[in-house]
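Comments concern the structure below.
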Amino acid sequence: MQITRNSINTTAGPSEWFSGAVYVDTVATPTGASRLSASSVHFTPGARTAWHTHPNGQTIFVTEGVGLAQRSGGPIEVIRPGDRVFFEPGENHWHGAAPTRFMTHIAMLDVDDNGNNATWGDHVSDVEYATAPSIGGA
Ligand code: MN
């Protein structure tokens with residue numbers, strides 16, 4: 001048993017991988033036989049990942065706010081607390097906050113044999129992002 005106290009600094013998501021301000025707290029790091037990598041990712045309004053894929057897929061579980069997610073070739077979907085999304089291995093996709101809301105999700109995946117968790121592509125342009133459906137509200 002190993003307790004990691006609440007002592008690890010929050011880190012900013014790098015601009016190569018994200019648009020807008022994103023903050024990441026580490027939940028689980030691959031160690032020994034475990035390939036599990038998990039993070040609590042906090043997106044400010046309008047912030048999102050770039051397009052990317054995961055070698056073994058990824059599950060995200062929304063804990064706060066209102067978010068958006070899209071796979072290549074599909075519509076932008078609105079995601080809310082309690083929603084869970086699985087992205088298939090190699091499926092090109094992005095996820096992030098709605099334009100006017102924060103969004104936090106827990107992201108969980110298994111890294112590959114080399115410890116890689118993702119392959120990154122183009123940023124989601126403002127034009128692409130603007131095609132998101134309305135999230136409703138005032
Ligand atoms: Mn992803």
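The values are calculated or read from the model by the stated rules, or taken from the named source; none is laboratory data. All values reported here derive from a predicted model rather than from experimental measurement. Note: ideal-geometry Cβ built from the backbone for every residue, glycine included; neighbour counts use all protein chains shown. Protein only, heavy atoms only, side chains kept; ligands, DNA and RNA dropped before computing areas. Shrake-Rupley method; radii C 1.70, N 1.55, O 1.52, S 1.80 Å.
Hey, could you check the range 84-94 for residues that are exposed (fewer than 15 other Cβ atoms within 10 Å of the Cβ) and over 17 Å from D122 (Cα atoms) and say which is farthest from the ligand (Cβ to nearest atom)?
R84
Restricting to the range 72-81, name every residue that is open to solvent by less than 50 Å² (accessible area, probe 1.4 Å) and within 15 Å of the chain's Cα centre (by Cα).
Of everything in the range 72-81, those that are open to solvent by less than 50 Å² (accessible area, probe 1.4 Å) and within 15 Å of the chain's Cα centre (by Cα) turn out to be I76, V78, I79.
How many of the residues in the range 95-127 are of a type in the set (S, T, N, Q), open to solvent by 70 Å² or more (accessible area, probe 1.4 Å) and within 14 Å of the ligand (Cβ to nearest atom)? Steps first, answer last, please.
Applying the first criterion (of a type in the set (S, T, N, Q)) to the range 95-127 yields 100, 104, 114, 116-117, 119, 125.
Okay, now just the ones that are also open to solvent by 70 Å² or more (accessible area, probe 1.4 Å), so 100, 114, 116, 119.
This time we only want the ones that are within 14 Å of the ligand (Cβ to nearest atom), so: 116, 119.
Number of matching residues: 2.
Conditions tested, residue by residue: (1) closer than 20 Å to G20 by Cβ; (2) hydrophobic (A, V, I, L, M, F, W, C); (3) touching a Lys or Arg at 6+ places or on another chain (Cβ under 8 Å); (4) in contact (Cβ under 8 Å) with a residue 40 or more places away in the chain.
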site	(1), (2), (3), (4)
V66	yes, yes, yes, yes
G74	no, no, no, no
G82	no, no, no, no
H95	yes, no, yes, yes
R101	yes, no, no, yes
L109	no, yes, no, yes
